[in-house]
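Please treat every number below as a calculation from the coordinates, not as lab data. Quick caveat: nothing in here was measured; it's all calculated off a predicted structure. So basically every Cβ, Gly included, is an ideal-geometry build from the backbone, and we count neighbours across all protein chains shown.
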């Protein structure tokens, strides 16, 4: 009878977590990703964890960890081995999804006056940020970097592309869409798709972006300017929409996701999402992205220490907001857990609360160094001086442990000596396939028209319902959530009829 009950409980638990992501961020700052052995270690670690998805960083600072690229290769690659191609082949053979994890904004780290700059002169940083001849930032339209109002380009040691500069946005979008065309990736995962953090939100003052703002509104930005704040959010959202629709026009089944800001206290404690730092400081309106459907899965980086009560409360606040917002808009909630900040016991507690909250899976930051028994470079756990979740004695010191112990903890409740949880049913007791992107009932349209901020009207020929939008700085526009049928699209003085199909992106071309 006991055996029968155990089987029923196991099947019930398995059914409850069906179709969930069990994923890792694989950041190439800490995880070697340049050789066949590196690729095998990463996939083996996923298998050892019963994981089903890898979010592998293939664009770090304007470079590529793949050979069929429109940007310079990462300087750690020799130009003969393609890590991404090998990763796709091996991971897919083991039933593991691969999502291309790309940094959007940051293109260089350091002070180019004293630190080494990219060796390749075609690197975007040397073409549109830093003039290596004069050893000064470029000026005028050639300068793509965001900056403070006083002209400082460095933000916490990083240089960021300003998505309010049309050429910077177009270049970055083209790099990512080339990747989507060239590789059979399961998803495209956008990181640092925002403005950098800066005191008093003093950021976004790229000369070209400011000039565009002045043209549209007839004045320059002001301090604590709601219109300027909306402008900066609009530039980021326009970029996400362009990449999302462009990628789905190429590969309709691709999953578009993003690593989202969840700094500090959450929407509940702040009285709403619009009062959070994500919205006010990073200008990342990810609540709006989920509502519009330009991302399929939201992955806020809930990097909170479980053993610190205030941070635990923040984790739960953001988690609840994510699940509610994503599911209300028929999107996936994939919370990011900062394993590197927690003991193994703390991370398991956060993961179980995410599952209990009805999240669509879990993504851990980060896999870290996959060399056997690597402790110094691992990112799966941290030492905790007074670990309230230690077993069997709470409150004792627990050291940083090898990655292998974390992998084991996900699929077993004990390693035979150390108990990770007080349960006989481990978090990832058995393998499960990762979810696939469900086909949308509605479709979308995208296109290019003349002008920056041109009004675009989309009218259903069946119902005569009308919706409007505006073009971005490159003349791009897009609209989602259109029922199948024929529509008349008018952009400025140009018009054409498009046919919308379920789950497809129609491309408008003026007649």
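Odds and ends about this structure:
- Extents of segment 30-135, largest first, come to 52, 24, 20 Å (Cα atoms, principal axes, whole angstrom).
- Theoretical FRET efficiency, 1/(1+(r/R0)^6), r = Cβ-Cβ of residue 497 and residue 463, R0 22 Å, to 0.05: 0.90
- Cα gyration tensor shape of segment 171-256, rounded if a/c is under 1.5, else prolate or oblate by comparing a/b with b/c: prolate
- Gain on full stretching of the segment that runs from residue 327 to residue 270 - 0.36 nm per residue minus C-alpha separation: 18.4 nm
- Percent RCO, i.e. relative contact order, over the chain, from Cα pairs under 8 Å lying at least 6 residues apart: 14 percent
- In terms of its C-alpha gyration tensor, segment 98-256 comes out oblate, because a/c is 1.5 or above while a/b does not outweigh b/c.
- Between segment 318-380 and segment 198-230, the C-alpha centres lie 36 angstrom from each other.
- Against the chain, whose longest principal axis is taken from its Cα atoms, helix 207-217 shows a tilt of about 60°.
- Helix axis angle, 2-16 relative to the chain longest principal axis, alpha carbon, degrees: 10 degrees
- Counted over the chain, the DSSP beta bridges are approximately 45% antiparallel.
- For segment 401-511, a Kirkwood hydrodynamic radius built from all Cα pairs, placed in the Stokes-Einstein relation at 37 °C and 0.692 mPa s, yields a translational diffusion coefficient of 186 µm²/s.
- Summary of packing: across the peptides 448-454, 426-432, 460-466, the per-residue average of other C-beta atoms within 10 Å ranks them, highest first, as 426-432, 448-454, 460-466.
- Principal-axis tilt of helix 36-49 within the chain, Cα atoms, nearest 10 degrees: 60 degrees
- FRET efficiency, residue 120 to residue 150 (Cβ-Cβ, R0 30 Å, nearest 0.05): 0.45
- Among 353, 331, sorting on how many other beta-carbon atoms sit within 10 Å of each Cβ, with the fewest leading, yields 353, 331.
- Three-way shape label, segment 443-508, alpha-carbon gyration tensor, a/c 1.5: prolate
- Using the average count of surrounding beta-carbon atoms within 10 Å as a protection proxy, the listed peptides 361-370, 379-388 rank, highest first, as 361-370, 379-388.
- Kirkwood Rh, Cα atoms: Rg over Rh of the chain: 0.98
- The ranking of 327, 165 by Cβ neighbour count inside 10 Å, starting from the fewest, reads 327, 165.
- Contact order relative to length of segment 113-161, as percent, for alpha carbon pairs under 8 angstrom and 6 or more apart: 23 percent
- Cβ-derived FRET efficiency at R0 60 Å, residue 352 paired with residue 215, nearest 0.05: 0.70
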